[in-house]
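The structure appears below as structure tokens.
The values are calculated or read from the model by the stated rules, or taken from the named source; none is laboratory data. This is a predicted model, so every value here is computed, not measured. Virtual Cβ from ideal backbone geometry, glycine too; neighbours counted across all protein chains shown.
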Amino acid sequence: MTETKHAAAAGPTFVVLAALFWGLSGGIAGILLADGWGAFVVSFYRGAIGLLFVLAWLAWRPAESGLSSRRLWLWSAVAGLGVAGNFTFYFVSIAEGSVAVAATLMYCAPVFVYLVSFVLGIERPTALKLSAIALVLIGIVLLTRLYETGAGGITPLGVGAGLLAGLSYTVFIFGFKYAAPHGSPQAILTIAFAVLAAAVIGPGDAGQTAAVLQTPDWPLFAALGVFGAGISFFLYILGLDRTPPTVAAIVAMIEPVTASLFGVVVLDESLRPLQILGMGLILATVTGLSVRSNA
């Protein structure tokens, strides 16, 4: 009984740490992108180092991997394409705008789930859900300063990439969910990170990819991969098994908040009062939608 209580208490802690590491990884990526490294190169090393971690996890716990299942490979590949898009679009959004804006836009992923569900007829639109989506859209307008002509520092590409990062994250969750019945989490992540690495290495700059191994920035790449993909996904999977969905949805807000604080404090980014209001609208509304859907 005591062990069960300790496991339940540790669950949210694992999720919090994972979200914290993901938030910090956005700030680390911001530094690398500001130093001139390409988004595909940064994504590749984040995924490749993460792959080493999940391979070690798979070797440690090889039982019931499900690697002989075709469905596991199919849905894990879908998850890999989703995480490849998530990493790359997120980094493009950071490069074209700021860490705070990119992280908050990415957090809009649950809104895409509702919109797709409405279109496919899976869920019926209600006044509450439509109002929540409207609030998120208002928050996006305030956060990105779309109401201003030529708002400095935030490009349409940055806004679009941030939203696509959220959509890609939804694809990852979708793929992981459908792969889960056919194998272990470590097997799914191994295939997903391998697909990620294969998907982004081609479009990346080959010269930059090779230069990372000799650059003074290599500790940042290592930290990005270790904390932003390796340890964080391990902790998140462990925590999710021991955490109620409503709690997980709330603590996930730590990621954009941490990334935003990193951008403001370390990268000297700035947010206007209306942008902060927009960020608050998005975070509060999306968190509320997630909690309600998991209730």
(request) Kindly list the number of the only condition in (1) surrounded by 19 or more Cβ atoms within 10 Å (Cβ to Cβ); (2) assigned to a loop (DSSP other than H, G, I, E, B) that fails for Leu167. (result) (2)
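Here's a check for you: in the range 203-224, which residue that is part of a helix (DSSP H, G or I) and in contact with a Leu (Cβ under 8 Å, 6 or more places away or on another chain) is surrounded by the fewest Cβ atoms within 10 Å (Cβ to Cβ)?
In the first step, residues of the range 203-224 are kept if they are part of a helix (DSSP H, G or I); the result is 206-214, 218-224.
Among the residues that remain, those that are also in contact with a Leu (Cβ under 8 Å, 6 or more places away or on another chain) are: 220-221, 224.
Numbers: Leu220: 19, Phe221: 23, Leu224: 27.
Here the residue is Leu220.
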(message) Please count how many residues of the range 61-84 are touching a residue at least 40 places away in the same chain (Cβ under 8 Å) and either among the polar types (S, T, N, Q) or not in a helix (DSSP H, G or I) (or both).
(response) 8
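When the range 266-295 is examined, which residues are found to be part of a loop (DSSP other than H, G, I, E, B), surrounded by 14 or more Cβ atoms within 10 Å (Cβ to Cβ) and hydrophobic (A, V, I, L, M, F, W, C)? If you could, list the steps in order and put the result at the bottom.
Residues of the range 266-295 that are part of a loop (DSSP other than H, G, I, E, B), as a first pass: 266-272, 295.
The next check asks that each one be surrounded by 14 or more Cβ atoms within 10 Å (Cβ to Cβ); those that pass are 266-267, 269, 271.
Across the range 266-295, the qualifying residues are Val266, Leu267, Leu271.
It is to be established whether one or more residues within the range 36-56 are within 25 Å of Ala102 (Cα to Cα), at pLDDT 95 or above and surrounded by fewer than 19 Cβ atoms within 10 Å (Cβ to Cβ).
Filtering the range 36-56 down to residues within 25 Å of Ala102 (Cα to Cα) leaves 36-51.
So of that shortlist, the ones also at pLDDT 95 or above come out as 36-51.
Then drop every residue that is not surrounded by fewer than 19 Cβ atoms within 10 Å (Cβ to Cβ), which leaves 36.
Yes, the range 36-56 contains a residue that is within 25 Å of Ala102 (Cα to Cα), at pLDDT 95 or above and surrounded by fewer than 19 Cβ atoms within 10 Å (Cβ to Cβ).
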(request) Considering each of Ala194, Ala187, Ala180 in turn, give the residue that is closer than 15 Å to Tyr45 by Cβ and either small (Gly, Ala, Ser) or touching an Asp or Glu at 6+ places or on another chain (Cβ under 7 Å) (or both). (result) Ala194
(request) Specify the residue that is nearest to Ile140 (Cα to Cα); the eligible residues are those in the range 107-123 that are in contact with a helix residue (DSSP H, G or I) (Cβ under 6 Å, 6 or more places away or on another chain) and assigned to a loop (DSSP other than H, G, I, E, B). (result) Cys108
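Taking the condition under 27 Å from Ile282 (Cβ atoms), touching a residue at least 12 places away in the same chain (Cβ under 8 Å) and in contact with a Phe, Trp or Tyr (Cβ under 8 Å, 6 or more places away or on another chain), does Gly47 pass? Before you say what the answer is, go through the steps one by one.
On the way: under 27 Å from Ile282 (Cβ atoms): yes; touching a residue at least 12 places away in the same chain (Cβ under 8 Å): yes; in contact with a Phe, Trp or Tyr (Cβ under 8 Å, 6 or more places away or on another chain): yes.
Taking the combined requirement at face value, the residue satisfies it.
Between Leu24, Leu17, which is farther than 22 Å from Ser184 by Cβ and modelled with pLDDT under 95?
Numbers: Leu17 fails: farther than 22 Å from Ser184 by Cβ.
From the options Leu24, Leu17, the qualifying one is Leu24.
Considering Ile231, Ile191, which residue is assigned to a helix (DSSP H, G or I), β-branched (Val, Ile, Thr) and closer than 20 Å to Leu20 by Cα?
Details: Ile191 fails: closer than 20 Å to Leu20 by Cα.
The conditions single out Ile231.
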(message) Out of the residues in the range 177-219 meeting the condition of being of a type in the set (Ser, Thr, Tyr) and under 22 Å from the mean Cα position of the chain (by Cα), tell me which one is nearest to Ser25 (Cα to Cα).
(response) Thr190
(request) Look at Val116 and say whether it is β-branched (Val, Ile, Thr), surrounded by 19 or more Cβ atoms within 10 Å (Cβ to Cβ) and within 23 Å of Gly162 (Cα to Cα). (result) no
